[in-house]
Amino acid sequence: PANQIPVIVGVLDAQAILNTSSAGKSLNTQWNAAMKALNDDMQKKEAGLRAQAQQLETARGNNPPSADYIAKRKALEQQDVQYQQAFAKNKQAWDGRLDKARDSIATAARKAMQDIAKQRGLTLILDRAAVPYSPQPWNITDEVLARLNKALPSVKL
């Protein structure tokens, strides 16, 4: 019965595993580069639209808005909406790839954690975030990290 199982505790810093593992660092680097490229592209497009809008305003001068001006202005606004939608769609796709890559890391970390739990006879593993204090011998983070780095040195975004 469950009440007869001895409780042998291990503590794991899951956040440290995601951020300091080789795969986690690799993933963060790839993510930052992808987001920079996505944002830089959007900024270039927006700058182009602003330049076109400025040219349109300069060409109009102090004259009342003509039908041609109104049509061109509306076309610029529609282009901006399209850029925003494309950006959101691309961002969502990247987010999905990030989630999938993080799942790969979590799966490999879980395998390493289970192996260590079996080896040490642990019956309960708690996340470090939920444990304000624990004796150092309970901490299995470094062992899990070492095994994870060996099993999954990198992950592709």
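Between Ala37, Ala47, Ala16, Ala51, the distinction of being in contact with a helix residue (DSSP H, G or I) (Cβ under 8 Å, 6 or more places away or on another chain), over 18 Å from Lys100 (Cα atoms) and either at pLDDT 95 or above or assigned to a helix (DSSP H, G or I) (or both) belongs to Ala16 only. Just one of (1) assigned to a helix (DSSP H, G or I); (2) touching a helix residue (DSSP H, G or I) at 6+ places or on another chain (Cβ under 9 Å); (3) open to solvent by less than 60 Å² (accessible area, probe 1.4 Å); (4) within 25 Å of Ala14 (Cβ to Cβ) trips up Ala86, so point out which. Single failed check for Ala86: (4).
Taking into account only those residues within the range 119-129 that are within 16 Å of Ile17 (Cβ to Cβ) and of a type outside the set (A, V, I, L, M, F, W, C), which is surrounded by the fewest Cβ atoms within 10 Å (Cβ to Cβ)? So the residue we want is Asp127.
Restricted to the range 98-157, and to residues there that are over 15 Å from Ser26 (Cα atoms) and hydroxyl-bearing (Ser, Thr, Tyr), the residue that is farthest from the chain's Cα centre (by Cα) is Thr123. Do we have any residue at all in the range 130-145 that's free of Cβ contacts under 8 Å to residues at least 40 places away in the same chain and crowded, with 17+ Cβ neighbours inside 10 Å? Yes, the conditions are met somewhere in the range 130-145.
Taking the range 99-118, which residues are among the β-branched types (Val, Ile, Thr) and open to solvent by 60 Å² or more (accessible area, probe 1.4 Å)? The answer is Thr107, and nothing else. Of everything in the range 2-13 that is assigned to a loop (DSSP other than H, G, I, E, B) and of a type outside the set (A, V, I, L, M, F, W, C), the residue that is modelled with the highest pLDDT is Asp13.
Criterion first (open to solvent by 60 Å² or more (accessible area, probe 1.4 Å) and among the acidic types (Asp, Glu)) does Asp80 satisfy it? No; evaluated as a whole, the condition is false for this residue. Each residue in the range 3-54 was checked for being open to solvent by 30 Å² or more (accessible area, probe 1.4 Å) and in contact (Cβ under 8 Å) with a residue 60 or more places away in the chain, and 13 pass.
Cβ-Cβ distances below 7 Å connect the following pairs, each with a first residue in the range 65-84 that is farther than 30 Å from Leu38 by Cα, a second residue that is of a type in the set (A, V, I, L, M) and open to solvent by less than 80 Å² (accessible area, probe 1.4 Å), and a separation of six or more residues or different chains: Tyr69/Leu56.
The values are calculated or read from the model by the stated rules, or taken from the named source; none is laboratory data. None of the values given here were measured: they were computed from a predicted structure. We place every Cβ from the backbone using ideal geometry, glycine too, and count neighbours over all the protein chains shown. Keep in mind that these areas ignore ligands, DNA and RNA; they rest on the heavy atoms of the full protein, side chains included. Shrake-Rupley method; radii C 1.70, N 1.55, O 1.52, S 1.80 Å.
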